[in-house]
Amino acid sequence: MGQQKTILRALAGETLDVPPIWMMRQAGRYLPEYRATRAEAGDFLSLCYNPELAAEVTLQPIRRFGFDAAILFADILLVPQALGADLWFVTGEGPRLSTITGDADFARLKPVSDIHETLNPIYETLRILSGALPRETTLIGFAGAPWTVATYMIAGRGTPDQAPAHALMTQNTAVFEALLARITEATIEYLCAQIEAGAEVVKIFDSWAGSLKGAAFDKYALAPAREITAALKARHPGIPVIGFPREAGEKYIGFHQATGVDCVALDNSVDPEWAAANVQIDGCVQGNLASRHMVTGGEALVSDTRRIVKAFSGGPHIFNLGHGITPDGDPDNVQLMIDTVREGASA
Ligand code: 1CP
């Protein structure tokens, strides 16, 4: 019997009349029901590590909107924490971590074999979701890409230009590369455990890939994505992988072949017609509506949504935003986007 889940069909290379849809950060602060569950959990990290409540917030946007995929509720920064970094969130500001500035900090990290001790609740969330999702909904697991995760571990916080990570790359290349290798190995083990717990697809978020240029992109964005994808496919053949080298620009070209991913997620800095001609020719793409439309709505949302659906209609496509929905997004605009995509087939 053929595959019924639309996301898995698109990832297998099928061109569908109506693209399946999900949305980055679909479980999040723009939803009142998320804010209520988060308050019940206490804080963001307590929510991530509470399998019942994390499963509940994962399901909320599925119940409200009927998205074609659910994405595990967790965060890319749980891997640094599992490797022994201190992690906390400052309300209204974002994450804070202990920093890695040299050999001594690196030497204090835990071995990869220790990560499951911290990450077990995440696998439990996936097991709960596997049994709770509607039959047609695909369950997506994820992790941060090594470069993006390293930028937070080195700087101890989010940075606009990833300067501390670029500095360590230059000043102490050995420790920088050892850190990337440790994260790569941890990510492989983490994603394999997610698959064993029920994830049907995994996505690798390289949110800061755009700050790697030329040979650095090949070495620190392409190569780790290729290594992770190859290891996953060796251990779990048939599990599709989505790569998201955000703001990669021209480097989106050839990303499917260079890494072996089944789908390339596109941010909204690239035109969909350009991406159809240069990226989708190699396989499935995901994206690329600007998240600001979830705040502003109206005719601009409808026309950009239609433009994206049309541009990618000749090949496999999963509709999504170019980045996560922001807390000021309006659920009514999310519904308008979904209605436009699903009616788009007849428009
Ligand atoms: O206050 C809150 O409720 C916390 C906001 C929040 C949420 C909802 C954070 C803090 N993380 C998350 C969940 C999350 N993060 C998911 C869940 C699945 C989903 O619904 O999409 C995923 C996939 C992520 C991934 C993530 N975390 C990325 C990669 C994607 C991206 O947005 O670029 C990154 C960079 C992070 C780090 C992070 N976690 C949270 C924040 C505010 C940040 C960004 C920090 C910064 O750079 O300043």
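Checking the condition open to solvent by less than 10 Å² (accessible area, probe 1.4 Å), assigned by TED's automatic domain parsing to the domain that holds residue 198 and aromatic (Phe, Trp, Tyr), which residue from 106, 176 passes?
176
I'd like the residue in the stretch 242-274 that is outside any helix (DSSP H, G or I) and acidic (Asp, Glu) and, out of all such residues, is nearest to residue 212 (Cα to Cα).
Step by step, filter the stretch 242-274, then rank; the result is 247.
Checking the condition away from the ligand (no atom under 12 Å from the Cβ), more than 25 Å from residue 342 (Cβ to Cβ) and either open to solvent by 30 Å² or more (accessible area, probe 1.4 Å) or in contact (Cβ under 8 Å) with a residue 12 or more places away in the chain (or both), which residue from 52, 33 passes?
On inspection, the qualifying residue turns out to be 52.
Take the stretch 192-217 and flag every residue that is within 13 Å of the ligand (Cβ to nearest atom), assigned to a helix (DSSP H, G or I) and open to solvent by less than 10 Å² (accessible area, probe 1.4 Å).
Residues satisfying the conditions are 194, 209.
What pairs come up if the first residue lies in the stretch 296-322 and is within 21 Å of residue 30 (Cα to Cα), the second is open to solvent by 50 Å² or more (accessible area, probe 1.4 Å) and outside any helix (DSSP H, G or I), and their beta carbons are under 6 Å apart, counting only those six or more places apart or on different chains?
322/268
State the number of residues belonging to the stretch 146-174 that are within 12 Å of the ligand (Cβ to nearest atom) and touching a Phe, Trp or Tyr at 6+ places or on another chain (Cβ under 6 Å).
Final tally of qualifying residues: 4.
Any residue at all in the stretch 107-118 that is away from the ligand (no atom under 15 Å from the Cβ) and acidic (Asp, Glu)?
Yes, the stretch 107-118 contains a residue that is away from the ligand (no atom under 15 Å from the Cβ) and acidic (Asp, Glu).
The values are calculated or read from the model by the stated rules, or taken from the named source; none is laboratory data. Quick caveat, the model's predicted, so the values are computed rather than measured. Backbone-built Cβ (ideal geometry, glycine too); neighbour counts: all protein chains shown. Quick note on the areas: whole protein, heavy atoms, side chains included, nothing else; ligands and nucleic acids left out. Shrake-Rupley method; radii C 1.70, N 1.55, O 1.52, S 1.80 Å.
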